[in-house]
1. Hey, could you check the range B:25-44 for residues that are under 26 Å from A:S60 (Cβ atoms) and of a type in the set (G, A, S) and say which is farthest from the other protein chains (Cβ to nearest Cβ)?
2. Identify, from the list A:A152, A:A156, the residue that is in contact with a Lys or Arg (Cβ under 8 Å, 6 or more places away or on another chain), assigned to a strand (DSSP E or B), closer than 25 Å to B:T49 by Cα and in contact (Cβ under 8 Å) with a residue 24 or more places away in the chain.
3. Quick check on this structure: which one of A:P89, A:P159, A:P123 is surrounded by fewer than 12 Cβ atoms within 10 Å (Cβ to Cβ), in contact with a strand residue (DSSP E or B) (Cβ under 7 Å, 6 or more places away or on another chain) and more than 21 Å from B:Q48 (Cα to Cα)?
4. Which of the residues that make up the range B:69-78 are part of a loop (DSSP other than H, G, I, E, B) and either more than 7 Å from chain A (Cβ to nearest Cβ) or small (G, A, S) (or both)?
5. For the range B:156-175, indicate whether the set of residues that are among the polar types (S, T, N, Q) and in a strand (DSSP E or B) is non-empty.
6. Could you grab me the full set of residues in the range A:159-181 that are small (G, A, S) and touching a residue at least 40 places away in the same chain (Cβ under 8 Å)?
7. Out of the residues in the range B:94-108 that are more than 10 Å from every other protein chain (Cβ to nearest Cβ), hydrophobic (A, V, I, L, M, F, W, C) and surrounded by 17 or more Cβ atoms within 10 Å (Cβ to Cβ), state the one that is nearest to B:I127 (Cα to Cα).
8. Would you pick out the residues in the range B:3-17 that are at pLDDT 90 or above and not hydrophobic (A, V, I, L, M, F, W, C)?
Amino acid sequence: MRSVLFASILGLVGAALLHIIIVLVLPQFTGRDAYTRVLGLLEMDSFFSLTSTPGPTGLSNDDPYLRTAVCSFSITDGPARFLARGAVPFWSLAVFDSASNEVFSMNDHTAVNGRLDLVVATPIQLVELRKTPPEALAQSIMVEMKEEDGYAVLRAMAPLDSFEDQVRNFLAESSCEPFRR
Amino acid sequence: MFRIPLLVALALAIAFGGGIASAVWALKATVGFGSISIGPWVAFPEAQTENADPYAKAHRARAGELLYGGAEGLMFMAQVDDRGEKLSAACSYDVSGLTPQARFWTLYAANADGVPLRPGSDLPSAINSWTVLRAEDSSFTIHVSPNAKPDNWVALRHSGTFRLVLTLLDTPTAGSSGLIDLAMPKIVKTGCGDA
């Protein structure tokens with residue numbers, strides 16, 4: 001009887017350990033986290049507008065009034081630059097790394113002249129950009145990112161149906177490209 | 001003769017069964033620690049950050065949603081009404097009051113998994129701060145109901161439980177912990193069935 005009790009207690013200790021291991025390790029293995037889903041759209045270096053019904057990787061416009069576009073990027077070979085302009089009532093951008101941690105987020109009120117012009121670079125690339133600032137980046141916001149891969153989410157608001165075209169154009173004309181001097 | 005192998009099997013069964021079951025349960029039951037709740041509304045302002053706890057990180061990796069960044073907005077979810085009863089799609093609710101300061105907000109109903117309900121293109125499925133009709137003191141009352149209602153109506157066409165999702169966009173409250181003092185709209189049940 002005592003050995004059964006001992007085995008059960010040992011089992012519970014093991015269960016607690018396994019619980020902790022599963023919770024800690026799970027983020028690396030789910031295969032359906034946001035970064036994997038964005039990568040699965042196979043649209044590197046351009047914004048991909050989501051639809052209101054779940055797309056091939058299960059991403060969709062969750063909020064009925066927000067239109068979302070996503071872009072996966074890598075800054076291994078050089079900084080990434082995000083551009084968008086247009087008259088929409090509200091837009092916002094968030095940059096996440098490959099573990100889906102927020103790196104940077106902003107909206108149209110925190111942007112220069114209400115335009116999106118953002119450069120994401122590694123610390124070393126950023127030092128070079130600051131040493132000899134290119135003319136084109138005079139108005140850009142510079143953001144440092146330690147990881148090399150990530151994704152960006154651009155949201156624009158269409159509070160009424162009549163904004164639909166404006167918002168679609170805004171997202172279609174936005175760009176997410178590697179920056180070259 | 002088989003005692004030792006049996007005991008080993010028992011310990012292993014408890015370890016693997018209990019460990020896996022409890023982990024799955026924990027990730028389904030909650031988005032993680034660090035929530036803020038105002039009445040029935042719950043939000044996780046740090047779920048998308050590096051500082052999120054391991055449960056929040058595991059949950060967001062499993063759910064695979066595009067979360068809101070700090071400068072974008074904050075999403076509140078309510079699964080119960082002000083009296084703590086689960087929201088049922090057979091009942092009517094009044095969402096009334098004021099939201100915390102924000103440039104925009106949107107309100108829609110979602111199913112238990114957080115997928116927005118789509119009652120059909122001819123019915124109002126959601127409402128936002130531009131389209132809502134307000135009283136003189138700028139407060140509002142939104143009727144969330146399976147039956148047609150005057151003024152602000154969010155239609156329900158669903159069975160079972162649902163949740164309400166209120167997203168504040170560009171809100172100073174997303175970055176501060178002073179949110180506890182702020183008021184969120186009340187959710188009051190006004191009746192069930194066709195009444």
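1. Filtering the range B:25-44 for residues that are under 26 Å from A:S60 (Cβ atoms) and of a type in the set (G, A, S), the one farthest from the other protein chains (Cβ to nearest Cβ) comes out as B:S35.
2. A:A156
3. Sole residue among the options that is surrounded by fewer than 12 Cβ atoms within 10 Å (Cβ to Cβ), in contact with a strand residue (DSSP E or B) (Cβ under 7 Å, 6 or more places away or on another chain) and more than 21 Å from B:Q48 (Cα to Cα): A:P123.
4. Those that are part of a loop (DSSP other than H, G, I, E, B) and either more than 7 Å from chain A (Cβ to nearest Cβ) or small (G, A, S) (or both): B:G69, B:G70, B:A71.
5. Within the range B:156-175, one or more residues are among the polar types (S, T, N, Q) and in a strand (DSSP E or B).
6. A:A172, A:S174, A:S175, listed by residue number.
7. Going through the qualifying residues, I end up with B:V95.
8. B:G17
The values are calculated or read from the model by the stated rules, or taken from the named source; none is laboratory data. Because the structure is predicted, anything quoted here is derived from the model rather than measured. Here the Cβ is made from the backbone with ideal geometry for all residues, glycine too, and neighbour counts use every protein chain on show.
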